[in-house]
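S.K.: After the structure tokens below, expect a handful of questions from me.
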Amino acid sequence: MKEKFYITTPIYYASGAPHIGHAFNLIYADIIARSQKSKGKSVFFSAGLDEHGSKVEEKAVLENKPPQEFVDEIAEKYIDCWKKLNIEYDGFIRTTSEEHKKGVYYFFEKLKNAGAIYEGIYEGLYCVGCENFITEKNLINGLCPDHKQLPQKLKEKNYFFNLQKYLPTVKEKILNNEINIFPKSRRREIISIIENGISDFSLSREKVKWGIPFPDAQNQTIYVWTEALVNYLTVLDYPDGENFKKFWPADLHFVGADINKFHSIFWPAMLLAADLPLPKNIFAHGLFTINNQKMAKTLGNAIYPIDLINQFGVDGARYLLVSQFSAEEHGDIKKSAFKNKYNSDLANGIGNLFERTLTLIKNAGGVKKTAIDLSIKSAIEKETNNYRLNMENFKLFKALENIFSLIRESDKYINAQKPWSLEKGEELNKILFTVFETLKEIAISLEPFMPEKIKIAKNRLWEIENGIIKEEKLNLFPRIK
Ligand code: MSP
């Protein structure tokens with residue numbers, strides 16, 4: 001039987017059009033999913049939308065639309081954007097769907113039967129931007145530091161989740177890496193949150209109307225975060241679906257650092273209470289800032305993927321978003337740097353190497369199978385091995401560095417061998433074959449990152465292997481002025 005791999009992405013609030021922060025997460029996950037598929041694994045890649053809660057409701061009111069109509073329109077925008085970015089997810093879950101509600105009720109029944117739910121009074125502050133409770137000491141000038149919004153004062157009857165009961169087990173499983181949280185800095189953050197003490201959290205909200213009615217108190221709704229997390233099960237048709245049986249637990253929850261606590265503490269505790277297996281890996285990636293400010297729809301400083309696609313094409317946009325900085329870190333985006341990066345890496349780097357190699361092969365009338373030049377063989381093997389290792393560890397930024405070093409090695413090799421100065425014959429053929437094989441390796445490695453362009457390039461390489469020599473240029477990544 002094929003090995004399975006289940007990768008999830010956060011379900012975004014259906015409150016506005018997707019920006020590049022949302023797109024970054026899906027592109028990254030798409031690259032991992034494609035790479036795992038290419039290794040022959042059976043992969044499930046999930047995405048979706050978080051459509052309940054105050055934040056979404058407030059936006060719908062602002063636009064003077066019934067919330068369901070509002071989220072339906074947003075869903076269309078998201079799905080369209082993911083299609084344009086060539087995101088090949090296997091399941092897309094919307095939390096207003098019947099199948100989600102059904103799974104959530106089943107899950108809550110489990111929590112109740114485990115004795116994990118109790119009634120209490122919540123009194124405190126709530127930030128609608130975060131859809132989360134916030135403590136006085138975390139405010140800056142009375143405002144939420146992330147959303148620059150005034151929190152609401154709340155006092156209401158809530159149902160709580162008995163986090164304290166499960167916290168010691170969650171901690172133990174994090175410490176022994178049964179739940180592997182990375183990078184290390186994010187793992188440390190989680191351990192210190194647990195060690196500093198963390199309160200039980202609400203499962204219900206009394207004043208929020210736009211949500212799934214709470215099972216035992218129909219005047220309350222289920223707290224949006226707790227039902228949102230269950231999407232990772234409902235997208236697999238929990239509890240009875242074949243996909244659930246096959247794919248749960250998640251092999252990788254890919255989430256932003258801002259929502260790590262929900263995934264690394266609350267979610268495992270809820271799963272323990274429901275007696276379900278825990279996720280194996282949680283990768284909490286860094287966030288993009290724009291001029292050192294968090295990018296958010298609520299702040300009005302967002303960049304939209306559609307603009308990048310229009311300027312750089314779909315593969316250009318995908319590449320530019322994952323190549324800015326390592327996903328382990330936070331990073332600041334400079335929109336003005338995109339064009340230089342496109343021209344230097346894609347037009348001059350990848351595009352140029354393909355073009356010059358194809359021209360050399362065309363001029364020689366083709367290339368025949370022979371042995372690879374030993375002077376470059378070990379350098380190629382080293383980079384391709386490192387590439388595989390980095391992809392296996394979800395380090396896409398590093399894997400791209402390996403590919404670009406292969407590209408540089410090939411360029412250096414061509415410049416040193418000067419094939420254009422050689423007569424047709426064994427020596428020339430060996431050089432061309434060496435470059436051709438390296439190019440094949442580069443194409444295979446780049447495929448998950450830029451599937452559209454590489455499909456075209458691979459087709460040309462296949463033609464060459466089969467003795468078909470074409471005149472026209474590939475024109476993979478034309479220079480942008
Ligand atoms: N609905 C919740 C998630 C529930 S998952 C069970 C939510 N939604 S959100 O719309 O606010 O999106 C949060 C996620 O979007 C972040 O964790 C991150 O993955 C992505 N990003 C949002 N802004 C981002 C940046 N500025 N940079 C990178 N990623 C960002 O929270």
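The values are calculated or read from the model by the stated rules, or taken from the named source; none is laboratory data. Here the structure is a predicted model, which is why all the values come from computation and not from measurement. FYI the Cβ positions are ideal-geometry reconstructions off the backbone, even for glycines, and counts take in every protein chain you see. Remember, those area values only see protein heavy atoms, side chains included, never the ligands or the DNA or RNA. Shrake-Rupley method; radii C 1.70, N 1.55, O 1.52, S 1.80 Å.
S.K.: Take ASN176 and LYS473, extend 7 Å from each Cα along the Cα→Cβ direction, and tell me the distance between the two endpoints in nm.
M.R.: Placing both labels 7 Å along Cα→Cβ, they lie 6.1 nm apart.
S.K.: Explain nothing, just the number: relative contact order of the chain, from Cα pairs under 8 Å at least 6 residues apart, as a whole percent.
M.R.: Reported relative contact order: 16 percent.
S.K.: Take every DSSP beta bridge with both residues inside the chain and express the antiparallel ones as a percent of the total, to the nearest 5.
M.R.: Roughly 50 percent of the DSSP beta bridges within the chain come out antiparallel.
S.K.: So between ASP307 and ILE140, what do we pick up on full extension, going 0.36 nm a residue minus the alpha carbon distance?
M.R.: Contour length minus Cα-Cα distance gives 56.8 nm.
S.K.: Hey, another quick one. Calculate the FRET efficiency for LYS335 and SER192 from the Cβ-Cβ distance with a Förster distance of 35 Å, rounded to the nearest 0.05.
M.R.: 0.50
S.K.: Still on this structure, please answer the following. For the chain, which cysteines have no disulfide-compatible partner, meaning no other cysteine Cβ under 4.7 Å?
M.R.: CYS81
S.K.: Here's another thing I want to ask about it. Lysine pairs in region 1-92 with alpha-carbon atoms under 29 Å apart, 8 or more places apart or on different chains: how many are there?
M.R.: So the count of such lysine pairs works out to 26.
S.K.: I've got another one for you. Counting Lys and Arg as +1 and Asp and Glu as -1, what is the net charge of the other residues whose Cβ lies under 12 Å from the Cβ of MET1?
M.R.: Residues near MET1 contribute +3 overall.
S.K.: Another one. Just to verify a number: what accessible area does ILE194 come out at with the full protein assembly present, 1.4 Å probe, Å² rounded to tens?
M.R.: That residue has around 20 Å² of solvent-accessible surface.
S.K.: Using modelled backbone amide H atoms (1.01 Å from N, in-plane), which distant-in-sequence or interchain residues come within less than 5 Å of ALA114's amide H?
M.R.: none
S.K.: Compute the whole-percent fraction of alpha carbon pairs in region 337-465 spaced more than 23 Å apart.
M.R.: The proportion of pairs with Cα distances above 23 Å equals 31 percent.
S.K.: Just want to confirm a number: the relative contact order over region 337-465, from Cα pairs under 8 angstrom separated by 6+ residues, in percent.
M.R.: 32
S.K.: Could you give the distance between the Cα centres of region 354-376 and region 14-28, to the whole Å?
M.R.: 41
S.K.: Here is a follow-up. Across the chain, how large is the tail of the calculated P(r) beyond 43 Å, expressed as a percent of all Cα pairs?
M.R.: Looking at the chain, the distances longer than 43 Å represent 23 percent of pairs.
S.K.: Using the basic label-point model (7 angstrom from Cα toward the beta carbon), what is the GLU76 to LYS418 distance in nanometres?
M.R.: For the pair GLU76/LYS418, the computed spacing is 6.3 nm.
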